[in-house]
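Everything on this sheet refers to the single structure shown next.
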Amino acid sequence: MPSEDRERDWQLGKVHRKVDAMERMRGVARYTDDLKLPGMLHAKILRSPHAHARIRGIDLAPALALPGVFAAVTGQDFKIPYGIIPWTPDENALAVDKVCHVGDGVVAIAAIDEDTANAACKAVIVDYEPLRAFFDPEEALAVRDREGTINPYSRKGNVSKHVLLEFGEVDAELAASDLVIEGDYEFGGTTHGAIEPHCAVALVEPSGILTVWSATQVSHYLHRELAKVLELPPHRIRVIQPPLGGAFGGKSEPFDLEFCVAKLAMKTGRPVKLLYTREEVFYAHRGRHPMKMKYRTGFTRDGKIKAVDARTILDGGAYSSFGLVTTYYSGQLLCAPYAFGTYRFDSTRAYTNKPACGPKRGHGSVQPRFAMEIQLDKAAVALGIDPIDLRRRNDIGANTQTINEFRVGSNGFLECLARVEAASGWRERRAKLGYGRGLGVAGSTYISGTNYPIYPNDMPQAGVQICLDRSGRARVFSGANDIGQGSNTMLAVITSEELGLPIEDIRVLSADTDLCPVDLGAYSSRITLMVGNACLDAASKLRRKVCESVAKRWKVPRDRVVLAGRMAIDREDPDRHVDSAQAFQWAEADHGLLGEVGSYNTPKDRHGEYRGGTIGASPAYSFTAHLAEVEVDVETGIVDVKKIWIAHDCGKALSKRIVEGQIEGSTYMGFGEALMEEHGVDPEHRGAHAGPSLLDYRMPTFLDTPELAAMIVEAPDANGPYGAKEAGEGPLHSSIPAIANAIYDAVGIRLDRIPFSPPRVLAALAERRRRELAGELSPHKPGPDHARRSA
């Protein structure tokens, strides 16, 4: 933390325009596909029409004979496997011996333009031997023979990863519970839906340096994997991330196109660009894992959680991606915001002949949160306890430890519950809403970065360099990837806060591996806490230097000098001041060139010592409560979400409008997954995607989106910069079960599978009516309105 010779909150918590907002609004930001280099070729990838097939031969001659075709590469050019997780390198840039899903890359061709490259791809002759394909994860897991093993690098059949962890005597506590709630839940896969498709451009400089521009959110990890697969020294590769048009986790690992453009540029000596079509984005995927979850939860009669037993099957698709971590996250991140008496989770990730799943906003923990929050709602109904009160009774508290031994610092969950309760009028309105209208609540937590990097090392997880100019400006160099979430603006705000400069006097240069310090990328909501701390480290060092130099000339103690409003000011004599340019020049005269570096590494006391105990550990955790109001049309099955109230504990809001935008964006995404979205393949069509376009894959528009009321809760955490925690992923999780619980409150049906489509709603309503007529259930919200609408 900085010393006390700073005026507090000069910029913190204010409303800021994003540093790149005007370029994007005016349409002058240059995305990767906007890059046009002299002599540039265009590449396309021939993709498999089969879900599972052996490659017996590839004839490139007809393609290479076409005018305008310059070069082609196959899997034989990329025999070294890669993977974002160093323990699971199980895919090649192009298929070597067999393809594992429809859309798997087989050949990449560089030509004078895209049309020629596409024509060349059609001219390639590939001899396939189709193999049996597996689209159901449980069927895939039952395979025992090598012939049925999907991934060529798998050593355990179609088991991608299995995790079984138990904390306490779960079975004994379930047996001793006053109430046990059992439930089966299913979460369909969803995709990210970023506006910008993946794109990459490669150029071999005259010096021999390979430069790759990519729409990636992990420049550093891409840099590492390019060096490995291409067998080039890392210092001969440069990766640059241009402005990005959204990612949400979908660009958080290397993809085939980056390797292909690099190799083709090396072969042709010309720059090469490859832009995915929207259909290719769907087949590249890495979206949310479909999960089948079976939960048993034991409660005391006053609603305290005694035991949780979770069994989960994850459909991982053809490759590992982040799957090792996802499998752990499906259980490890469930243990807050509620205190569990005992806990066991048994999670198995299966390989299937589908596009690989990976991290989507709220990686790995959105699906189990859906199941757990409905379990809590069912218990509240069975015990006759208000759902908000039941959650209050189980709050884990602050400065504590979860059942799986994660250290929790600050915790604003109770305030989050109180805020949504008051804003929605829960106490006054819930009992008065008639049949068809309902309110539902849910809570959640999420990490502020992973406590350890993806590949083991003792170096800092984040680094920032800041240089002060004699003109009174500051330049910030950071390897962090701004993917639209506003991380560059966050760095400018911290620099502004420490040095008293307006945002417009600060230039942030980011995500260029030649110019910027190493940063691990935009994933797991790590940037605000980790890169923010590194920036604060560098900026506070510079502030002290500047204040010392000004104090020296004024012959006053350093703590009397304050930097604010583009000036250095005497705290006790405000009429005495100089502008920042003069203060910087004095400091440069005293100290030489005004530059400082800052770095951040995580504390190592945040987790237990058991195997897997580090996965899910974080320096700090955010907390969220959602409360949804819905109206269900019992004739059509349409669920109309009227409003969602969201209270999110972000520790400290560094930039108010950006935090509110992240809260609303996360909730919007959860709303879409609850009611509309499903990323599926069609087994009847040999594993082709059910609808690989934005016309067929339904996502909410502005007209569909309910009113969102975002409320910031601040429970500052000692590990965050100024107490800040994450705000980009946590506010998604509990939006989905809040809607599910509101539907139950409205019409008495439990929807344990998403999306909550009209056919599923109608089927559940029909089953409810049948059970009411059979006398198995009492009418839900009895009265004339129920009788009329149920008729």
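Given a 1.4 Å probe and the protein chains as shown, Asp514 ends up with an accessible area of around 90 Å².
For Lys292, the aspartates and glutamates whose Cα falls under 15 Å of its own Cα, not counting residues fewer than eight places away in the same chain, are Asp136, Glu138, Glu139, Glu182, Asp184, Glu186, Asp309, Asp315, Asp346, Glu678, Asp752. The chymotrypsin sites (Phe, Trp or Tyr not before Pro) of the range 589-628 meeting both criteria, a DSSP state outside H, G, I, E and B (loop) and at most 11 other C-beta atoms within 10 angstrom of the site's C-beta, are Tyr610. Averaging 1/r over every pair of different alpha carbons in the range 695-791 and inverting the result gives a Kirkwood radius of 17.1 Å.
Each 10 Å bin from zero holds the following percent of Cα-Cα pairs in the range 460-600: 13, 44, 28, 13, 2.
What do you get when you divide the Cα radius of gyration of the range 397-452 by 2.2 N^0.38 Å, with N the number of residues?
Values: Rg = 16.2 Å, N = 56, 2.2 N^0.38 = 10.2 Å.
Normalised Rg, Cα atoms only: 1.59.
Can you list residues from other chains, or at least 5 along the same chain, whose modelled amide H is less than 5 Å from the amide H of Phe167? Amide H neighbours of Phe167, under 5 Å, 5+ apart: Tyr343, Arg344. Ignoring aspartates and glutamates fewer than eight residues from Lys781 along the same chain, the ones with Cα atoms less than 12 angstrom from its Cα are Asp745. Considering only His577, Ala123, Gly616, and ranking their Cα positions along the charge dipole of the chain that arises from unit charges at the beta-carbon of Lys, Arg, Asp and Glu, the one farthest toward the positive end is His577. Distance distribution P(r), the range 400-540, all Cα-Cα pairs, bin width 5 angstrom from 0: 2, 8, 15, 15, 13, 11, 10, 9, 7, 5, 4, 2, 0, 0 percent. Each Lys or Arg adds one and each Asp or Glu subtracts one; over the other residues with Cβ under 14 Å from the Cβ of Ile109, this totals +1. In a DSSP loop and with at most 12 other Cβ atoms within 10 Å, the chymotrypsin sites (Phe, Trp or Tyr not before Pro) in the range 664-750 are Phe702.
Protection proxy ranking, highest mean first, for peptides 625-636, 566-577: 625-636, 566-577, where packing is the per-residue count of other beta-carbon atoms within 10 Å, averaged. Seen from Met25, the other residues with C-beta closer than 12 Å to its C-beta sum to a net charge of +2, counting Lys and Arg as +1 and Asp and Glu as -1. (1) 28.9; (2) 30.3; (3) 27.7: which one is Kirkwood radius over Cα pairs in Å as calculated from this entry? Derived directly from the coordinates: (3). The alpha carbon centroids of the range 116-178 and the range 608-650 are separated by 28 Å.
3J(HN,Hα) along the range 733-748: 3, 7, 5, 5, x, 4, 5, 4, 5, 5, 5, 4, 4, 6, 9, x Hz, from the Karplus curve 6.51 cos²θ - 1.76 cosθ + 1.60 with θ = phi - 60°, whole Hz, x for Gly and Pro. Karplus-derived 3J(HN,Hα) values for the range 554-564, using 6.51 cos²θ - 1.76 cosθ + 1.60 with θ = phi - 60°, are 8, 6, 9, x, 4, 6, 7, 9, 10, 9, 6 Hz; glycine and proline are entered as x. Across the range 255-272, rounded Karplus estimates of 3J(HN,Hα) from the backbone phi angles (6.51 cos²θ - 1.76 cosθ + 1.60, θ = phi - 60°) give 10, 4, 5, 5, 5, 5, 5, 5, 5, 5, 5, 5, 6, 9, x, 10, x, 9 Hz, Gly and Pro being marked x. When you count the other C-beta atoms within 10 angstrom of each residue and take the mean per peptide, 267-279, 193-205 line up highest first as 193-205, 267-279. Measuring nothing but how far apart in sequence close Cα pairs (under 8 Å, 6+ apart) lie, relative to its length, the chain scores a relative contact order of 16 percent.
Max-minus-min Cα coordinates of the range 13-163 on each principal axis give 57, 57, 25 Å, with the largest extent listed first.
Loop-located trypsin sites (Lys or Arg not before Pro) in the range 438-521 (DSSP state other than H, G, I, E, B) with a sparse environment of at most 14 neighbouring Cβ atoms within 10 Å: Arg470.
Assign one of three labels to the range 577-663, namely rounded, prolate or oblate, based on the Cα gyration tensor with a ≥ b ≥ c the square roots of its eigenvalues; rounded applies when a/c is under 1.5, prolate when it is not and a/b is larger than b/c, and oblate otherwise.
Taking the square roots of the gyration eigenvalues as a ≥ b ≥ c, the range 577-663 is oblate.
The solvent-accessible area of Leu179, taken with every protein chain present and a 1.4 Å probe, is close to 40 Å². Evaluated over the range 1-116, the count of Lys pairs having alpha-carbon atoms less than 28 Å apart is 5 (only pairs 8 or more residues apart or interchain). Near His363, once Lys and Arg are set to +1 and Asp and Glu to -1 for all other residues with Cβ below 9 Å from its Cβ, the sum equals +2.
When nucleic acids and ligands are ignored and a 1.4 Å probe is applied, Trp554 ends up with an accessible area of around 30 Å².
The values are calculated or read from the model by the stated rules, or taken from the named source; none is laboratory data. Note that the coordinates shown come from a computational prediction; the quantities given were computed from them, not determined experimentally. As a convention, Cβ positions derive from the backbone with ideal geometry for all residues, glycine included, and neighbour counts pool all protein chains shown. Please note that ligands, DNA and RNA were not included when accessible areas were found on the heavy atoms of the full protein model with its side chains. Shrake-Rupley method; radii C 1.70, N 1.55, O 1.52, S 1.80 Å.
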